[in-house]
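Undergrad: Sharing a structure, written as structure tokens. Questions coming.
The values are calculated or read from the model by the stated rules, or taken from the named source; none is laboratory data. As the structure is a computational prediction, the values presented were derived from the model and not from experiment. Don't worry about glycine lacking a Cβ; one is built from the backbone with ideal geometry, like all the others, and counts go over all protein chains shown. SASA here: full protein model, heavy atoms, side chains in, ligands and nucleic acids out. Shrake-Rupley method; radii C 1.70, N 1.55, O 1.52, S 1.80 Å.
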Amino acid sequence: MATTVEDISTTKKRLKIEIPADILEKEYSDSLNKIRQRARIPGFRQGKTPISIIEKRFGDEIRSEMLEKLVPTYYAQAVKDADISPVTMPKIEEGLDFKRNEPLSFSLTVEVRPKIDNLNYNGIRVADVAVSVEEAEIEDTVKGLQNDRAMFEAVDREVGEDDLLIIDYVKIDPSGEKELSTAKDQVMNLGNKLTPRGILDAVLGKKKGDTLDITLPEMDIKEQKEVEEKGNKLRITIKEVKEKKLPDLDDEFAKDFGHDSLSALKEKIREEILAAKEGNAKKQQKSRIVDTLVNNHIFDVPESLIQAELEHLIMNEKTADKSEHHGNGTAAEKADAALAESLRPKAMKNVRATVILDEIAGKEHISVSEAEMKDRIALFAKHLQATPDAIVNLFMTRDGSLDNLRHNIREEKVLDLLLSRAEITKGE
């Protein structure tokens, strides 16, 4: 096999491949003979049909199957010989013209992973991130648990801001004569701070048995999920006023959370807060390591990888944007173009980071085992309260395979390695 490699750019190559005539002829002749042995042609005994007739009837099919087999095989060998790593499928520049007893020459182009010269990733300087847990953080967490365990008891007094009310309400049109909707025994928890200001101000100071009318425009529209029709009224009847009763913070309270004493519960809370902060600190350090690697190694990256990452970032940006964009036509196209332009530097950085981390993974022989994959899937399943099979189906539906999950785990392992070898500096 003859192969030449032409550099179109640092990330795009042209491979010129020649498959020898004797290889092609042998493959073609073998295929003709195999078909001859099993073909049933009227007027000839099986296996005795002249080759010329077999070729006339099955030649096109044989040539197509032969090229589908040989071209990928020789392309793979050419890639190996050229020591390149394609990141896209190759594009054949001209049609494949097979002629018997002649070599088959063809050219194809492919984008490749760039080479990184003098890759240096050991001993990267990164600042220490000090973490500690304040007593106030522990107390706030304990109070949160206490609030979660609160009970509500009926009281005979005026409504307060943290009370829970049981109400009936009737929605009435502006004339006051037509009922639009009704509901009974509805729970209104004033302490969750979700009650619209207009209703909250109206019920404060009222008592069990009181009935009050609220004209809906008096309520703060921004606090409502749905804008009511102007002039409609809400007639509320307070059926019960309940006061929040917090449990005592003692050893019995701690036992509800699986601890023998309140001090043991607080110590566990301290450990969990500290672990979370240490995890965040490591994320910060790993991010700085990636920044250093990207800044220290400048190289071209394949445009196809940039575009793929850019599409991913744009999709995430649009998903995260809660506001609805109703533009269309030229205005929408301009907005999309502006968004793509603003995100392109980030896309290029992300691709460079991925290329560097993949290169390090290869040099350090870092891979992801099936056991690690199963453990990560089980972790997702636990967090999402789903079965492992459901998690696998989620990834398969979204990505088409588990390759992205495997790649993410490998990147995490690479970053763990880099952090373990980093020079942690204090006081900077």
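Undergrad: With only Lys, Arg, Asp and Glu charged, each at its Cβ (+1 for the first two, -1 for the last two), find how big the charge dipole of the chain is about the Cα centre; round to the nearest 20 debye.
TA: Approximately 2100 debye in magnitude.
Undergrad: Moving on to the next point. Give me the angle, in degrees from 0 to 90, between the Cα long axis of helix 21-38 and the longest principal axis of the Cα atoms of the chain, rounded to the nearest 10.
TA: 80
Undergrad: Right, next: For n ≥ 4 DSSP H runs only, could you compute -39500 (n - 2.57) per run for the chain, divide by its residues and tell me the 222 nm figure to the nearest 500?
TA: Theoretical 222 nm ellipticity from helices: -17000 deg cm²/dmol.
Undergrad: Can you compute 3J(HN,Hα) from phi for each residue in segment 367-383, using the Karplus curve 6.51 cos²θ - 1.76 cosθ + 1.60 with θ = phi - 60°, rounded to whole Hz and x for Gly and Pro?
TA: Whole-Hz 3J(HN,Hα) from phi for segment 367-383: 9, 10, 7, 5, 5, 5, 5, 5, 5, 5, 5, 5, 5, 4, 4, 5, 5.
Undergrad: Apply 1/(1 + (r/R0)^6) to the Cβ-Cβ distance of Gln385 and Thr3, taking R0 = 51 Å, and write down the FRET efficiency to the nearest 0.05.
TA: With R0 = 51 Å, the Cβ-Cβ based efficiency is 0.40.
Undergrad: Return the sequence-ordered ³J(HN,Hα) values of segment 354-363 in whole Hz as given by the Karplus equation 6.51 cos²θ - 1.76 cosθ + 1.60 applied to θ = phi - 60°, using x for Gly and Pro.
TA: Calculated HN-Hα couplings, in order: 5, 4, 5, 5, 5, 5, 5, 4, x, 5 Hz.
Undergrad: Among His259, Ser287, Ala276, whose Cα projects farthest towards the positive end of the dipole of segment 252-293, with charges put on the beta-carbon of Lys, Arg (+1) and Asp, Glu (-1)?
TA: Ser287
Undergrad: Once both labels are modelled 7 Å past Cα along the beta-carbon direction, what's the Glu272-Leu119 spacing in nm?
TA: 4.0
Undergrad: Decide, for segment 152-200, between rounded, prolate and oblate: order the square roots of the alpha carbon gyration tensor eigenvalues as a ≥ b ≥ c, take rounded if a/c falls under 1.5, and otherwise choose prolate if a/b is larger than b/c, else oblate.
TA: prolate
Undergrad: Per residue, how much accessible area does the chain show when a 1.4 Å probe rolls over the protein heavy atoms, in square angstrom?
TA: 63
Undergrad: Once you have a ≥ b ≥ c as the square roots of the Cα gyration tensor eigenvalues for segment 330-392, tell me rounded if a/c is under 1.5, and otherwise prolate or oblate according to whether a/b is larger than b/c.
TA: It is oblate, given that a/c is not under 1.5 and a/b is not larger than b/c.
Undergrad: Still on this structure, please answer the following. Among 90-103, 10-23, how do they line up from the highest to the lowest mean number of other beta-carbon atoms within 10 Å?
TA: Taking the mean over residues of other Cβ atoms within 10 Å, the ranking is 10-23, 90-103.
Undergrad: Between Ile306 and Lys99, with labels modelled 7 Å along Cα→Cβ, what's the label distance in nm to one decimal, could you check?
TA: 4.2
Undergrad: In segment 28-74, what trypsin sites (Lys or Arg not before Pro) fall in a loop by DSSP, with at most 16 other Cβ atoms inside 10 Å?
TA: Arg40, Arg45, Lys48
Undergrad: If the cut-off is 17 Å between C-alpha atoms, which lysines fall inside it for Lys277, apart from same-chain ones fewer than 8 positions away?
TA: Lys266, Lys268, Lys286
Undergrad: Can you tell me how much longer the chain between Asp321 and Asp83 gets when fully stretched, taken as 0.36 nm per residue apart minus their C-alpha distance, in nm with one decimal?
TA: Contour length minus Cα-Cα distance gives 81.3 nm.
Undergrad: Let me ask something additional. Calculate how many DSSP beta bridges within the chain are antiparallel, expressed in % of all such bridges and rounded to the nearest 5.
TA: Percent antiparallel among DSSP bridges in the chain is about 95.
Undergrad: Loop-only trypsin sites (Lys or Arg not before Pro) in segment 301-380, please: DSSP not H, G, I, E or B, and at most 12 other Cβ atoms within 10 Å.
TA: Lys322
Undergrad: Just how far, in whole angstrom, is segment 13-82 from segment 83-102 if you go by their alpha carbon centroids?
TA: About 17 Å separates the Cα centre of segment 83-102 from the one of segment 13-82.
Undergrad: State the percentage of accessible surface on the chain attributable to carbon and sulfur atoms; use a 1.4 Å probe and exclude ligands, DNA and RNA.
TA: Roughly 48 percent of what the probe reaches on the chain is carbon or sulfur.
Undergrad: Also, quick follow-up: I'm spelling it out carefully: the read-out is semi-axes √(5λ) of the Cα gyration tensor in Å, the candidates are (1) 64, 32, 23; (2) 32, 24, 21; (3) 67, 34, 24, and one was derived from this structure. Which label?
TA: It is the one labelled (3).
Undergrad: With 5 Å bins from zero, work out the P(r) of segment 77-179 over every alpha carbon pair and list the percent per bin.
TA: Calculated P(r), rounded to whole percents: 2, 6, 7, 7, 6, 6, 5, 4, 4, 4, 5, 5, 6, 7, 8, 7, 5, 3, 1, 1, 0.
Undergrad: Further question: If you count only protein heavy atoms and use a 1.4 Å probe, how large is the accessible surface of Ser263, to the nearest 10 Å²?
TA: Ser263 exposes around 80 Å² with every protein chain in place.
Undergrad: Turning to a different aspect of this structure: Go through segment 56-64 residue by residue and turn each phi into a ³J(HN,Hα) via Karplus (6.51, -1.76, 1.60, θ = phi - 60°); whole Hz please, and just put x for glycine and proline.
TA: With coefficients 6.51, -1.76 and 1.60, one gets 5, 7, 10, x, 4, 5, 5, 4, 4 Hz.
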